[in-house]
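Contents: one structure, followed by commentary.
The values are calculated or read from the model by the stated rules, or taken from the named source; none is laboratory data. Bear in mind the structure is a predicted one, so any value in this text is a computation, not a measurement. In this analysis, Cβ positions are derived from the backbone assuming ideal geometry, glycine residues included, and neighbour counts consider all displayed protein chains. With ligands, DNA and RNA removed, areas are computed over all heavy atoms of the protein, side chains included. Shrake-Rupley method; radii C 1.70, N 1.55, O 1.52, S 1.80 Å.
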Amino acid sequence: MIYVLLLDLGHKDNNDSSENITIVAVDLQPMMPIKGVKILQADITHPNTLSRILEIFGNKHADLVICDGAPDVTGLHDFDEYIQGQLLFSALNMTTCILRPGGNFVAKIFRGRDISFLYAQLKCFFEKVTCAKPLSSRGSSIEAFVVCENFSLPEDYKPDISTPFQERKNPDMSYIVPFVACGDLSAYDSETTYVFDTDNSTSLDAIQPPIGKTYLTIFSTLINRILAPPYKRAIEMKRKGELQYI
Ligand SMILES: C[S@@+](CC[C@H](N)C(=O)[O-])C[C@H]1O[C@@H](n2cnc3c(N)ncnc32)[C@H](O)[C@@H]1O
């Protein structure tokens, strides 16, 4: 998913600041409606997606682009890192066409072997690049987020969405960025197993119906199949030791 935000702060006469913000969320997959967000089911690697976003923005430039996009991982780490890097370049390519000078870009990365090359590319467009690892992201995962501040286009760079991202030939193609571990200790730690007070809590089935009404309506048939699969009785019998193997 990629979020593109336009904060139109010029409308000072409007007291409700949320009305001056346009947010577009883009994902390949269908999304639940989100209040105040324009949903676009589209591919960020496709050139037409940019014009669809700009149409919603009335051709104004965005203040912030946030990219949480990720491919379906295969478990082949080198391959997954490469594909994630390519998706980041697609997001960056679009960002160079839509972000206002001085704007910011936040994106998910996989901190693999070649990450300093990605940092160097980002540093060509942003004054400050930081790698952030929030507490909600598992410590054992190579996932992290680049926070890129103060966008400006290099003088010799012409943004062009019709071609893939052109890597910059910076003499120093490896760059080390500051690393920030964020989040305070009051939140749940994704690496810790917690003991719950079983007297005052109820154990639920692992698969729960979604809370959203739209999602429930659209996918009710599918959900029923998931919640009551044909083999559900067999699982219950196995749990009770009633299943006879022949
Ligand atoms: C880690 S999930 C993000 C989930 C989202 N932030 C949420 O909380 O539901 C990665 C998302 O990136 C989307 N994605 C992958 N490639 C994409 C592409 N080329 N264009 C748009 N979305 C893409 C996937 O469909 C997936 O929903």
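For the condition within 21 Å of Met94 (Cβ to Cβ) and among the aromatic types (Phe, Trp, Tyr), what is the one hit in Phe117, Phe179, Phe196? Give the steps one after another, and end with the answer.
Details: Phe179 fails: within 21 Å of Met94 (Cβ to Cβ); Phe196 fails: within 21 Å of Met94 (Cβ to Cβ).
Being within 21 Å of Met94 (Cβ to Cβ) and among the aromatic types (Phe, Trp, Tyr) holds for just one of Phe117, Phe179, Phe196, which is Phe117.
Per-residue answers, yes or no, for (1) away from the ligand (no atom under 16 Å from the Cβ); (2) touching a strand residue (DSSP E or B) at 6+ places or on another chain (Cβ under 9 Å):
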residue	(1), (2)
His61	yes, yes
Leu87	no, yes
Leu92	no, yes
Gly112	yes, no
Ser116	yes, no
Gly139	yes, yes
Ile142	no, yes
Val147	yes, yes
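Any idea which of Tyr157, Tyr119 is touching a residue at least 40 places away in the same chain (Cβ under 8 Å), in a loop (DSSP other than H, G, I, E, B) and open to solvent by less than 70 Å² (accessible area, probe 1.4 Å)? Before the answer, list the steps.
Working: Tyr119 fails: in a loop (DSSP other than H, G, I, E, B).
Matching residue, one of Tyr157, Tyr119: Tyr157.
Just for strands (runs of 3 or more DSSP E) wholly inside the stretch 35-116: which have at least 2 residues that are open to solvent by 30 Å² or more (accessible area, probe 1.4 Å) and under 18 Å from Asn150 (Cβ atoms)? Walk me through how you get there before you give the answer.
On the way: elements: 37-41, 62-67, 99-110.
Per the criteria, 62-67, 99-110.
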Worksheet item: Across the stretch 122-154, what is the number of residues that are outside any loop (DSSP other than H, G, I, E, B) and either of a type in the set (Gly, Ala, Ser) or free of Cβ contacts under 8 Å to residues at least 24 places away in the same chain (or both)?
Response: 3
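Can you say whether Glu191 is within 30 Å of Thr95 (Cα to Cα), at pLDDT 75 or above and part of a loop (DSSP other than H, G, I, E, B), as far as the supplied structure shows? Before the answer, list the steps.
Working: within 30 Å of Thr95 (Cα to Cα): no; at pLDDT 75 or above: yes; part of a loop (DSSP other than H, G, I, E, B): yes.
In short, no.
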Fill in: Residues satisfying the stated conditions in the stretch 162-199, i.e. open to solvent by less than 80 Å² (accessible area, probe 1.4 Å) and hydroxyl-bearing (Ser, Thr, Tyr)
Thr163, Ser174, Tyr175, Ser190, Thr192
